[in-house]
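The values are calculated or read from the model by the stated rules, or taken from the named source; none is laboratory data. Everything numeric here is computed off the predicted structure, so don't read it as measured data. Positions of Cβ are generated from backbone atoms using ideal geometry, with glycine treated the same way; all protein chains shown enter the neighbour counts.
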Amino acid sequence: MSTLSHAVEFRNLTDHEAHTGSIAVKRLASRVYALIASASRRAALRRARCGLLEMPDHLLKDLGITRSEIAWIVEHGRFGRIDSEG
């Protein structure tokens, strides 16, 4: 029987190579985070829209919205911004 041996050469990264790799990892992590945040926001909006659509008309009327306004209100908020207060 014979044994195969492989020689692997290791070298240290230069400071520039290490820094460039670090930047690439940070950019990738930032993009992954943005994708997760976007998916999470879309899922929350979908749950809110479904919850409102399941409500009977008299409850929607108590909230001061009509069924045709649900999509707009969920996406933009009652006063045009999703994070508006009041």
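Some points to look at:
- In the range 35-86, the qualifying residues are those that are at pLDDT below 90 and of a type in the set (A, V, I, L, M, F, W, C), and the one that is surrounded by the most Cβ atoms within 10 Å (Cβ to Cβ) is 82.
- Any chance residue 24 is modelled with pLDDT of 70 or more and closer than 30 Å to residue 73 by Cβ: no
- Just one of the numbered conditions (1) in a helix (DSSP H, G or I); (2) at pLDDT below 95; (3) surrounded by 10 or more Cβ atoms within 10 Å (Cβ to Cβ) is not true of residue 13: (1).
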